[in-house]
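The structure appears below as structure tokens.
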Amino acid sequence: MKLETNRLILRNWQKNDVDDLVEGLNNYNVSKWLILVPFPYLKENAEGWIEYCMKNDMENNINGYEFAIELKSNQKVIGGISISSINKLHGTAGGGVWLNERFFGNGYGIEAFAEKIRFSFEELGLRKLENGFLPGNESSRAMQERLGYKIEGRRRKKYYCMADGELKDEIITGLLKEEWNT
């Protein structure tokens, strides 16, 4: 599977993405906002993640998608984005995005997230996306609000964060198809 924007390609993870994955996630400024990412993030973590993703791709997992975010200009993987927990009956899904800190501030995150939304609504036929962010992650909050997401609630001490070993609240956000800012 491959999706494209002006500057990015969202595609399946490949074995040769290991170094870019480690570079992006072996950074506490990134991993502290991601529940399932340990710090430090090592080569064996990246290899295991890519193997997991490739296995799910081969099995045509219809419950979600895990995409590498590749910069078209130099074919470098600069992050990852997911569509998870797809529920066709209810027309909903979740997911998230992360970027290598070296590429913050260029609009790549919102560009990738907007394509995820377009694909979810237009190609998967979903009606609502449910996401969230950890308190303090103002970049994620601002990006989601810019794309039309509304804050729907807070899950107290919902997640154990592998990067710092702390329990974290989650601010829940949602986007209805009719609210989407295209």
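Readers should treat all values here as calculations from the given coordinates under stated rules, not as data from a laboratory. Only a predicted model underlies this, so the values are computations on that prediction, with no experimental measurement involved. Using ideal geometry, Cβ is built from the backbone for each residue, glycine included, and neighbour counts are taken over all protein chains shown.
Taking the Cα centre of the chain as origin, work out the dipole magnitude from +1 charges on Lys and Arg Cβ and -1 charges on Asp and Glu Cβ, in debye rounded to 20.
460
From the residues GLY153, ASN106, SER120, which one has its Cα farthest along the dipole of segment 105-182 in the positive direction, the dipole being from +1 and -1 charges on Cβ of Lys/Arg and Asp/Glu about the Cα centre?
GLY153
For an R0 of 35 angstrom, estimate the FRET efficiency from the Cβ-Cβ distance between LYS55 and LEU176 and round to the nearest 0.05.
Approximately 0.60, to the nearest 0.05.
Please report the spacing between the Cα centers of segment 136-152 and segment 19-69 in Å, no decimals.
Spelled out, the Cα-based centre of one part sits 23 Å from the other.
Hey, if you put +1 on the Cβ of every Lys and Arg and -1 on every Asp and Glu Cβ in the chain, which of ASN29, ALA163, GLY174 ends up farthest toward the positive end of that dipole?
Looking along the dipole axis, the top candidate is GLY174.
Give the percent of DSSP beta bridges with both residues in segment 2-179 that are antiparallel, rounded to the nearest 5.
Of all bridge pairs located within segment 2-179, approximately 95 percent are antiparallel.
Given Cα pairs under 8 Å that are at least 6 residues apart, what percent is the relative contact order of the chain?
Reported as a whole number, the value is 22 percent.
Please order MET54, MET1 by the number of other Cβ within 10 Å, starting at the fewest.
Ranked by crowding around the Cβ, least crowded first: MET1, MET54.
Going by how many other Cβ atoms sit within 10 Å of their own, how do LEU89, LEU99, LEU175, LEU36 line up, fewest first?
Ascending Cβ contact count within 10 Å gives the list LEU89, LEU36, LEU99, LEU175.
Taking R0 as 30 Å, what's the FRET efficiency between SER85 and GLU138 from their Cβ-Cβ distance, rounded to 0.05?
Rounded to the nearest 0.05, the efficiency is 0.75.
For the chain, which longest stretch is free of loop sites, where a loop site is one of the trypsin sites (Lys or Arg not before Pro) that DSSP puts outside H, G, I, E and B and that has at most 16 other Cβ atoms within 10 Å?
Longest stretch, sites excluded: 8-71.
For segment 2-179, compute Rg over Rh where Rg is the Cα radius of gyration and Rh is the Kirkwood radius from the inverse mean 1/r over Cα pairs.
Radius of gyration relative to Kirkwood radius: 0.93.
Could you work out which residue, out of GLY96, GLY136, GLY148, moves most in a Gaussian network model of the chain, that is, has the largest mean-square fluctuation with Cα springs under 10 Å?
Greatest mean-square fluctuation among the candidates belongs to GLY136.
In whole Hz and in residue order, list the ³J(HN,Hα) couplings for segment 123-135 that follow from phi through the Karplus curve 6.51 cos²θ - 1.76 cosθ + 1.60, θ = phi - 60°; x for Gly and Pro.
9, 8, x, 7, 10, 8, 10, 10, 9, x, 7, 7, x
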